[in-house]
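What follows is a single structure, written as C-alpha cells, with notes after it.
The values are calculated or read from the model by the stated rules, or taken from the named source; none is laboratory data. What you are looking at is a predicted structure, and each value in this text was computed from that prediction instead of being measured. Backbone-built Cβ (ideal geometry, glycine too); neighbour counts: all protein chains shown.
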Amino acid sequence: MPGAYLWAYDPTNKKWVKVPCASDGTLKVEITNMKFWQLEDTPNEYTGQAGKGLRVKSTEDGLEFVALALDPHGNEAHNPDMLPLSTSDAINAYMSGNKWLSVATSGIVGLPKQSGCRVYMDNGGSNYSISATTWTKVPFDTKEWDNANEFDTTNNRFTATEDGFYIFMTHIRAISVSDQEDYSLGFYKNGALHAGAIKFRASGAQDFNIVGTVLLALSAGDYVEVFVFGSTDFQIEHGWRTSLYVAKVA
C-alpha cells in the first residue's frame, strides 16, 4: 500500500518482516492455534453495557456483551452477612434492615420475625360475664408480645399476614359455674366455628380452666377468634388465667 507498510515481528527467526498486502491495499492475517486467553477483541468503548457480562459468541471467534440472568449481589461489602466470618461467629441474616434469621454458635436457630404472640384479657381489671346458651367472644385486650403485630386488641382477633400453619393454645379460667353444667371453648376461623367445640363439665361449683389447642392452615388475611359457651351463666376471670398463645410453625 503506497505510503505505509505493516511490519510484524517473527519470534522464531527474531527479526521484523514486512507483511504483504493485496493490490487494493487490504490486509488479511490468519491466526492459528490461538488460545482463549490470547483473544484481543476488546471493545473500543463500554457505553450502554453497565451490569452486563461477557460470553463467547456462537461463532466461537470472539466475545460479546450479554445481560446477566441474575442481578449482581447488592451488598458486596457483606456487612452484615448471612455467613459467619469464622467458625466462632454467629450467623445473622438481614433483609431491608430487619434481622430475620440468627444462628448462635451453640447451633440454636432464632426467627425474630416469625409470627407469634401472647395476649390476655384484662377487661379493666374486672371479670367478664357470659350469658347462658350464647357463643361469646373472649375479649383478649392486652398484649405481652406480638412479633409481627398480628393481634388486634380492639377486635380481639389474630390475623395472619402470611400463608402457613399456625398453632393456637388458650386457657380460660371459668368461674361462677354450676355443678354438672357444660362449658365449651371454640376456635372461630373467619367468623365460623372451626371443627367441634371443646366441652367441659363442671364437677361441683368449683372454678376450673377450659383449655384448648388447635393447628390451623391459614392464608394471609384469615383471622381467628376464641369463643366460649355455657349451658348456664358464668364468668371468665381477668388476667393471665385467661390467655391466648399463637405461633407460626410452618
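Can ALA220 be described as surrounded by 15 or more Cβ atoms within 10 Å (Cβ to Cβ), under 30 Å from TYR94 (Cβ atoms) and in contact with an Asp or Glu (Cβ under 9 Å, 6 or more places away or on another chain)? Break it down into steps so the answer makes sense when it comes.
Numbers: surrounded by 15 or more Cβ atoms within 10 Å (Cβ to Cβ): no; under 30 Å from TYR94 (Cβ atoms): yes; in contact with an Asp or Glu (Cβ under 9 Å, 6 or more places away or on another chain): yes.
For ALA220, the condition - surrounded by 15 or more Cβ atoms within 10 Å (Cβ to Cβ), under 30 Å from TYR94 (Cβ atoms) and in contact with an Asp or Glu (Cβ under 9 Å, 6 or more places away or on another chain) - is not met.
For region 95-158, the strands (runs of 3 or more DSSP E) that sit wholly inside it and include 1 or more residues that are among the acidic types (Asp, Glu) and touching a Cys at 6+ places or on another chain (Cβ under 7 Å) are 142-146.
I'd like to check something: does region 199-215 contain any residue that is within 17 Å of THR136 (Cβ to Cβ), outside any strand (DSSP E or B) and under 29 Å from the mean Cα position of the chain (by Cα)? Explain how you work it out, then say what you get.
Restricting attention to region 199-215, the residues satisfying the condition of being within 17 Å of THR136 (Cβ to Cβ) are 199-200, 210, 212.
When the remaining residues are screened for being outside any strand (DSSP E or B), the result is none.
Scanning region 199-215, I find no residue that is within 17 Å of THR136 (Cβ to Cβ), outside any strand (DSSP E or B) and under 29 Å from the mean Cα position of the chain (by Cα), so the answer is no.
The condition (being under 37 Å from the mean Cα position of the chain (by Cα) and within 22 Å of ARG157 (Cβ to Cβ)) is satisfied by just one residue among GLY191, GLY230: GLY191.
Flag: VAL177 matches the condition of being buried (at least 17 other Cβ atoms within 10 Å of the Cβ), in a loop (DSSP other than H, G, I, E, B), at pLDDT 95 or above and hydrophobic (A, V, I, L, M, F, W, C).
Cβ separations smaller than 6 Å between residues 6+ apart or across chains give the following pairs from region 103-121 residues that are over 28 Å from HIS238 (Cα atoms) to residues that are assigned to a loop (DSSP other than H, G, I, E, B): ALA104/ALA90; THR105/ALA90.
Here is a list: LEU39, LEU70. Which entry is at pLDDT below 70 and surrounded by 10 or more Cβ atoms within 10 Å (Cβ to Cβ)? Write out each step before concluding.
On the way: LEU70 fails: surrounded by 10 or more Cβ atoms within 10 Å (Cβ to Cβ).
Just a single option satisfies the conditions, and that option is LEU39.
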